1. Where in the stretch 81-168 are the helices (runs of 4 or more DSSP H), entirely inside, with at least 3 residues that are among the charged types (D, E, K, R) and within 30 Å of Arg204 (Cα to Cα)?
2. Here are Leu286, Leu302, Leu254: which of them is over 14 Å from Thr195 (Cα atoms) and modelled with pLDDT under 95?
3. Can you tell me how many residues within the stretch 288-311 are among the polar types (S, T, N, Q) and surrounded by fewer than 20 Cβ atoms within 10 Å (Cβ to Cβ)?
4. In the stretch 169-184, which residues are outside any helix (DSSP H, G or I), within 18 Å of the chain's Cα centre (by Cα) and of a type outside the set (Lys, Arg)?
5. Given the condition without any contact (Cβ under 8 Å) to a residue 40 or more places away in the chain, exposed (fewer than 14 other Cβ atoms within 10 Å of the Cβ) and under 24 Å from Asn4 (Cα atoms), answer yes or no: does some residue in the stretch 122-135 qualify?
6. Got a sec? Which of Glu249, Glu256, Glu208 is surrounded by 15 or more Cβ atoms within 10 Å (Cβ to Cβ), more than 21 Å from the chain's Cα centre (by Cα) and without any contact (Cβ under 8 Å) to a residue 40 or more places away in the chain?
7. Would you check if Ile268 is hydrophobic (A, V, I, L, M, F, W, C), modelled with pLDDT of 95 or more and under 22 Å from Ala207 (Cβ atoms)?
8. Give the stretch 1-30 a look and list any residue that's of a type in the set (A, V, I, L, M, F, W, C) and assigned to a helix (DSSP H, G or I), or say none.
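The values are calculated or read from the model by the stated rules, or taken from the named source; none is laboratory data. Quantities reported herein were computed from a predicted structural model and do not represent experimental measurements. Here Cβ is always computed from backbone atoms with ideal geometry, including for glycine, and neighbour counts include all displayed protein chains.
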Amino acid sequence: MSDNLLERFSDPRRGVYFVGTTPPKASTDDASMAEIADKLLARLAHLEYDGLIVYDIQDESSRIDKPRPFPFIGTRDPRAYSALLNERSGRPIITYKSVSQRDRAEFDRWLDQAWNDYGVRNLVLVGSPSASADIKLSLREAYAAVAESHPFALGGVTIAERHAIKGTEHQRLDAKGANGCRYFVSQAVYDADATLSLLQDYGRLCAEQGKSPDRIVLTFTPCGSAKTLEFMQWLGISVPTATASRILESPNPLSESIRICRANLEQILDACLPLGIPVGLNIESLTNRKEEIEASIRLFKLLKATLEECLAR
């Protein structure tokens, strides 16, 4: 797998554009997984995108007392699906990895296999969903393991909702950068104010330190039903009450959610591009509903055009 992802990320004059996806369920055989990959890529064939993000889906029930709106179903190894998508698309793939479930020796083996057997080159590490969970490897320890293994293009996760509560997420970004992260992918954005606060604080911190901010890839997803909204909130995505009402009370919730996402992106860009923060987009569908998958394609086109227009000013 050969790509120039970090080179693309390093150019603040251009946007970067990704599509987020999950591996097929664990019971899927290789032939069926290939069919699923081909179907996904056919759906994206008319889009101009830089690559895909493959998530590592974990059971997060320890994070919250409420029952999961959709049942948790284990998936195929994200490394295998990433390798397949890279082979069939020729585009860079960012592979997520949840690190808390295995110890250092196991994680070192995972990294070697990811690099040598699956051709993974771009990696985002995710810590434990809950401090009360059984954590065998901390995120800091996992970053150290990556630094001692192969030259992955390493990224991190950023959560604006955490900044709204603690006010320290910009410092976490700075610390993750010191641990080797060169880009960050956000949780899905529905609370523009929380994201604005985080990015403004991060931009100011970088300016105070005399360094350039790292790339922030903002995630957006359509929402077409009360069930999807419930799932978003279960995942920890902040949806202001007025925003939720606009979506659910609209004659066309999906279209309304797309309008909200565009307005949120415009608000964020107006405030944050002057701070010199290079921005990217990641568009995902949180469900397998056909309507929401198709809406995610529309959302990708609209938000990409919005970002390109802002960058061209």
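1. Working: elements: 104-116, 139-147, 160-166.
Because the criterion is at least 3 residues that are among the charged types (D, E, K, R) and within 30 Å of Arg204 (Cα to Cα), the helices (runs of 4 or more DSSP H) in the stretch 81-168 that meet it are 160-166.
2. On the way: Leu302 fails: modelled with pLDDT under 95; Leu254 fails: modelled with pLDDT under 95.
Checking each option against the conditions leaves just Leu286.
3. Keep residues of the stretch 288-311 that are among the polar types (S, T, N, Q), which gives 288, 296, 306.
Going one step further and asking which of them are surrounded by fewer than 20 Cβ atoms within 10 Å (Cβ to Cβ), we end up with 288, 306.
Result for the stretch 288-311: 2.
4. Within the stretch 169-184, the subset outside any helix (DSSP H, G or I) is 179-184.
In the following step, the residues that additionally are within 18 Å of the chain's Cα centre (by Cα) were identified as 180-184.
Hits for the stretch 169-184 are Gly180, Cys181, Tyr183, Phe184.
5. Checked against the condition, which is being without any contact (Cβ under 8 Å) to a residue 40 or more places away in the chain, exposed (fewer than 14 other Cβ atoms within 10 Å of the Cβ) and under 24 Å from Asn4 (Cα atoms), the stretch 122-135 yields no hits at all.
6. Values: Glu249 fails: surrounded by 15 or more Cβ atoms within 10 Å (Cβ to Cβ); Glu208 fails: surrounded by 15 or more Cβ atoms within 10 Å (Cβ to Cβ).
Glu256 is the lone residue from the list that is surrounded by 15 or more Cβ atoms within 10 Å (Cβ to Cβ), more than 21 Å from the chain's Cα centre (by Cα) and without any contact (Cβ under 8 Å) to a residue 40 or more places away in the chain.
7. Working: hydrophobic (A, V, I, L, M, F, W, C): yes; modelled with pLDDT of 95 or more: yes; under 22 Å from Ala207 (Cβ atoms): yes.
Yes.
8. Taking the stretch 1-30 first, the residues of a type in the set (A, V, I, L, M, F, W, C) are 1, 5-6, 9, 16, 18-19, 26.
Matches in the stretch 1-30: Leu5, Leu6, Phe9.
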